[in-house]
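Below is one structure, written out as C-alpha cells, with a few remarks after it.
The values are calculated or read from the model by the stated rules, or taken from the named source; none is laboratory data. Remember, it's a predicted structure, so these values are computed and weren't measured experimentally. Please note: Cβ atoms are built from the backbone with ideal geometry, for glycine as well, and neighbour counts cover all protein chains shown.
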Amino acid sequence: MRRHLRLARLAGWNVIDQVLSALTNIVLVILVANYVQSPSAFGAFMVSLLVFQVCIGIERALVGQPMSIRYSTATGDRLDSGRSRALGTALGVGLLGAAGCTVAGVLIGGLLGPTLMATGIVMPFLMLQDASRLIFFARSRPAYAAANDALWAIVQFTGIWLLALFTRPTAATLVLVWGGSAAVCVAVALVQLRVLPNLGGVASWLREHKDISAYLLAEYLLGAGAFQGGITATGALIGGERGLAVIGALKAAQTVLGPLNMLITALQSFALPQLAQRDWLTSRQRWKVALTTSAVMASLATVYSTVVLTIPHSWGQALFDQSWDGARGVLLPLAIGATAGMLAQGCAIVIYSLGLARRTFRIMSVEAPLVFTLMIIGALVDGANGAAWGMCLDQVGLIPLWFWTLRGVLRDADRGRRAS
C-alpha cells in the first residue's frame, strides 16, 4: 500500500507540473496574441516558439531521456558526474541554437529577424531550465520541477505585465522577457541540484549514451523536420505576411491542444524511469501496461478535444484576437490527429523503457516523409486546412504500425528470456 501511495504521489506531482507548464504556455500565447500589433507579428513570435521547441526536442533526446532511462537509480559520484555532464550537454545545445538563431536573424531581417536574434540571446537559459526539471523527474522529485515551473510563470508574467505597462511590446521584446525569466529559474535549480554545468563533459556524456541517444536524436530530427518543417513549408507556399499568419494559425491551434502534449510529457517523465527500473516485468504485463495507457490517454484526449471544439467563437476571439479565425479553421483535424496519436503512447513508453530507441526510429523513418508529403499536398489543395488534414491522416494511419512493432519487441524479449 505504501508503495502504491508513493507512486500515486509521484504521478500527481508529474501531472501538476505538466498542467502548470501547459497553462503557462497557453497564457503566454494568449498574451502575445493580444499585445502584438498584427497576425504577422504573432506569427513571428510563434516561429520563435517553434525554434525553441525544436531545440528542446534535441536537448531531451540527448539529455532528458537518457537520464530517465539510465540514471533513475544512480547514486554518489556517478550521479553527480551524470548531472553536471547532462547540464553541460544541455548548455551546449543552447549555445549552438543561439548561434543558429543569431545568424538566421541577421540574414532574414524584416519582422522576423529581430525576433530570432532575441531567441538566440535567451536560448541557453531555456535549455538549462528544461534540463534541470528533467533531472528532477528522473530522480523522482517532481515537486521540485513543479516549484521551478511555478517560479518561471510568476517571473515571466510579471515581466510581460511590466513591459506592457511602460512600452508597446513587440515580438522580440516579448521573447526576451519570456526567455530571460528562465535565467532566474536556472539559478534556483542549480542551487537545488548542487551542481554546475560541465561543458568539458559533453563528449563523454554523448559517448556513454550514443547507443540510444543517436536513435532518439535522429527520430526527433526526422519528426521535427517533418511536422515543423511542414508547417514552415506551408507558410512558405502561401508566402508573405499571409504565410506568417497561416503559421500562426496552425501553431495557435496546436497551443489550444497543448494540454494533450502535457499529458504525453507527464506520462514520459513519470512512467519512463518507473518502467526502466522494473526490468523483471513479463511481456504479458508490459502488454497490459501499453494497452491500459493507450486507452486512458486516448479517452482523455477525446474528452478534451470535444471541449475545445465546442468553445464559443466569441470566447476564442477574446483569447486569441485576430488569430482565432485561422486557428479555429484547423482545430478539428488537428484534434482528431492528436487523439489518434494518443493511442500509440502506450506502445511508445514500453519500447522506450526497454532502451530500444532503434525500433521507434524505424517508425519515424516511415512517418516523417509521409506526414511531410501529406501536409504539402494538403496545403496545395486547401491551404492551412489541407495541411492540418494531412497531419491528421498521418497520425491515424500509423496506429497499426505502433502495435505491430510492440508485438515484435515483446516477442523478441520472450525469446531472449527463454534462451537465457
Quiz prompt | Output for segment 367-385, where each listed residue is within 16 Å of ARG328 (Cα to Cα) and in contact with a Leu (Cβ under 7 Å, 6 or more places away or on another chain) | solution = ALA384
Exercise. Residues being touching a Pro at 6+ places or on another chain (Cβ under 8 Å) and aliphatic (A, V, I, L, M): count how many of those fall in segment 87-135.
Key: 6
Quiz item: Is it fair to say ALA22 is of a type in the set (A, V, I, L, M, F, W, C), modelled with pLDDT of 85 or more and closer than 25 Å to ASN261 by Cα?
Solution: no
Practice problem: For ILE377, state whether it is among the aliphatic types (A, V, I, L, M) and part of a helix (DSSP H, G or I). | Solution: yes
Self-check item: Considering residues of segment 349-359 that are part of a helix (DSSP H, G or I) and either surrounded by fewer than 21 Cβ atoms within 10 Å (Cβ to Cβ) or not assigned by TED's automatic domain parsing to the domain that holds TRP324 (or both) only, the residue modelled with the highest pLDDT
Solution: ARG359
Quiz item: Applying the selection to segment 367-381, what residues are within 19 Å of ALA338 (Cβ to Cβ) and of a type in the set (Val, Ile, Thr)?
Solution: VAL371
Quiz item: Would you say THR119 is surrounded by fewer than 17 Cβ atoms within 10 Å (Cβ to Cβ) and of a type in the set (S, T, N, Q)?
Solution: no
Quiz item: In segment 212-229, how many residues are among the charged types (D, E, K, R) and under 15 Å from TYR71 (Cβ atoms)?
Solution: 0
Quiz item: Are any of the residues in segment 61-81 among the small types (Gly, Ala, Ser), modelled with pLDDT of 75 or more, farther than 28 Å from GLY225 by Cα and surrounded by fewer than 19 Cβ atoms within 10 Å (Cβ to Cβ)?
Solution: yes
Quiz item: Within segment 176-197, is even one residue at pLDDT below 90, surrounded by 19 or more Cβ atoms within 10 Å (Cβ to Cβ) and polar (S, T, N, Q)?
Solution: no
Quiz item: If LEU112 passes every condition in (1) at pLDDT below 85; (2) buried (at least 17 other Cβ atoms within 10 Å of the Cβ); (3) under 30 Å from ILE212 (Cα atoms) but one, which one does it miss?
Solution: (3)
Quiz item: Does segment 96-110 hold any residues that are more than 21 Å from the chain's Cα centre (by Cα) and part of a helix (DSSP H, G or I), and which are they?
Solution: ALA99, THR102, VAL103, ALA104, GLY105, VAL106, LEU107, ILE108
